[in-house]
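> This is the structure, below, for whatever I ask next.
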Amino acid sequence: MNVILPQIDFSRADILIKLALEEDLNGRGDTTSNAVIPENTMAAALLNCKEDCVCAGLAVAERVFKAVDRSLIWEPLAQDGDFCQSGTPLAKISGRARALLTAERTALNFLQRLCGIATTSRRYATLLEGTNTVVLDTRKTTPGWRNLEKYAVAAGGASNHRIGLYDRIMIKDNHRELAGLEGEKGITRSVLRSREKYPELEIEVEADNLDEVREAVESGAEYILLDNMTDAQMAEAVKINAGRAKLEASGGITLERIPRIGRIGVDFVSVGALTHSVKAADISMEITLK
């Protein structure tokens with residue numbers, strides 16, 4: 001599957017790697033490897049899939065190994081976005097045995113989680129093939145990991161929603177209530193205020209019912225989030241909207257329901273489960289003496 005991947009922010013990734021290694025080594029180092037393995041022992045290691053998965057995060061894993069020992073030689077054997085069957089080698093790393101073992105767990109922690117997200121994203125995206133509906137992630141990401149996790153979502157063939165609170169206006173019921181704009185024309189006034197404050201940003205409005213959909217459409221919002229609506233309500237929202245705004249289904253989205261939603265004709269389906277509750281992919285490192 002050919003996918004266009006967003007850029008990894010390596011300045012942020014390197015901070016996470018540094019923290020993870022400090023957490024593991026705590027200033028003292030890998031006491032077991034340092035005690036048991038002679039300093040100049042050389043080895044080679046393979047990172048192998050132990051289950052079918054979509055590859056994501058190889059460059060991050062490489063940076064973990066290089067953060068431990070810059071002399072390690074990294075050879076990728078797969079590419080991010082590849083579907084890899086169980087037993088597929090993802091990368092080969094050669095160099096000092098101590099360094100390989102010191103980096104192993106941290107590198108696998110990054111790689112397993114990112115591959116797990118990519119694999120889950122592929123599963124959802126595949127169910128919408130043949131429709132015009134796109135799967136989106138959400139902001140329900142691991143703190144500090146957002147750039148990496150959204151990268152993995154894209155590697156799996158799904159798409160990214162807004163990155164944070166700064167790059168799109170999203171007006172929810174809590175915003176309207178706290179602003180004193182609940183009730184009649186609350187959506188319209190919220191959109192007008194947002195246009196005045198941030199004219200360069202697109203606006204999304206959360207709609208809990210069809211009356212709110214009608215008002216959101218008339219307000220000129222670019223996106224309308226259909227919150228926890230039934231299939232029948234979403235179908236009616238598509239008719240009301242008549243192509244004027246982009247419609248996003250959210251809440252109660254399951255794998256079983258995804259194909260039906262695609263046939264309804266909404267533009268997007270947002271799924272927090274792409275990042276907040278995925279199973280890490282099973283990947284191991286096998287090491288041999290050189």
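> What residue, among those in segment 93-131 that are within 30 Å of E256 (Cβ to Cβ) and hydrophobic (A, V, I, L, M, F, W, C), is surrounded by the most Cβ atoms within 10 Å (Cβ to Cβ)?
Taking the candidates together, the pick is I117.
> What about D227, is it of a type in the set (D, E, K, R) and either surrounded by 16 or more Cβ atoms within 10 Å (Cβ to Cβ) or within 30 Å of L46 (Cβ to Cβ) (or both)?
Yes: the conditions hold for D227.
> Which of the numbered conditions does S94 fail, given that it passes all the others? Conditions: (1) among the polar types (S, T, N, Q); (2) modelled with pLDDT of 95 or more; (3) not in a strand (DSSP E or B).
The number of the failed condition is (3).
> Regarding segment 217-234, can at least one residue be identified that is among the acidic types (D, E), touching a strand residue (DSSP E or B) at 6+ places or on another chain (Cβ under 7 Å) and not assigned by TED's automatic domain parsing to the domain that holds L90? Before you say what the answer is, go through the steps one by one.
As a first pass, look at segment 217-234 and keep what is among the acidic types (D, E): 218, 222, 227, 231.
Within this subset, residues satisfying the condition of being touching a strand residue (DSSP E or B) at 6+ places or on another chain (Cβ under 7 Å) are 222, 227.
Checking the rest, the ones that are also not assigned by TED's automatic domain parsing to the domain that holds L90 come to 222, 227.
The answer is yes; a qualifying residue exists.
> Go through segment 21-37 residue by residue and tally those that are free of Cβ contacts under 8 Å to residues at least 60 places away in the same chain, among the small types (G, A, S) and assigned to a loop (DSSP other than H, G, I, E, B).
Within segment 21-37, residues that are free of Cβ contacts under 8 Å to residues at least 60 places away in the same chain, among the small types (G, A, S) and assigned to a loop (DSSP other than H, G, I, E, B) number 1.
> For V153, are the conditions met, namely being among the aliphatic types (A, V, I, L, M) and out of contact with any strand residue (DSSP E or B) (no Cβ under 6 Å at 6 or more places or on another chain)? Reasoning before the result, please.
On the way: among the aliphatic types (A, V, I, L, M): yes; out of contact with any strand residue (DSSP E or B) (no Cβ under 6 Å at 6 or more places or on another chain): yes.
So V153 passes the test.
> Might you let me know whether segment 267-288 holds any residue that is over 17 Å from T119 (Cα atoms), modelled with pLDDT under 95 and not hydrophobic (A, V, I, L, M, F, W, C)?
For segment 267-288, residues over 17 Å from T119 (Cα atoms), modelled with pLDDT under 95 and not hydrophobic (A, V, I, L, M, F, W, C): absent.
> Moving on. Mind checking whether some residue in segment 31-43 is over 17 Å from the mean Cα position of the chain (by Cα) and closer than 27 Å to K279 by Cβ? If you could, list the steps in order and put the result at the bottom.
To start, the set of residues in segment 31-43 that are over 17 Å from the mean Cα position of the chain (by Cα) comprises 31-43.
Next, from what is left, pick out any that are closer than 27 Å to K279 by Cβ: none.
Within segment 31-43, not a single residue is over 17 Å from the mean Cα position of the chain (by Cα) and closer than 27 Å to K279 by Cβ.
> Considering only segment 62-92, how many residues are surrounded by 14 or more Cβ atoms within 10 Å (Cβ to Cβ) and touching a strand residue (DSSP E or B) at 6+ places or on another chain (Cβ under 8 Å)?
In the first step, residues of segment 62-92 are kept if they are surrounded by 14 or more Cβ atoms within 10 Å (Cβ to Cβ); the result is 62-69, 72, 74, 76-78, 80-84, 88-92.
Next cut, touching a strand residue (DSSP E or B) at 6+ places or on another chain (Cβ under 8 Å) only: 62, 65-66, 69, 72, 74, 76-78, 81-84, 88-92.
Number satisfying all stated conditions: 18.
The values are calculated or read from the model by the stated rules, or taken from the named source; none is laboratory data. Because the structure is predicted, anything quoted here is derived from the model rather than measured. Cβ atoms come from the backbone with ideal geometry, glycine included; neighbour counts cover every protein chain shown.
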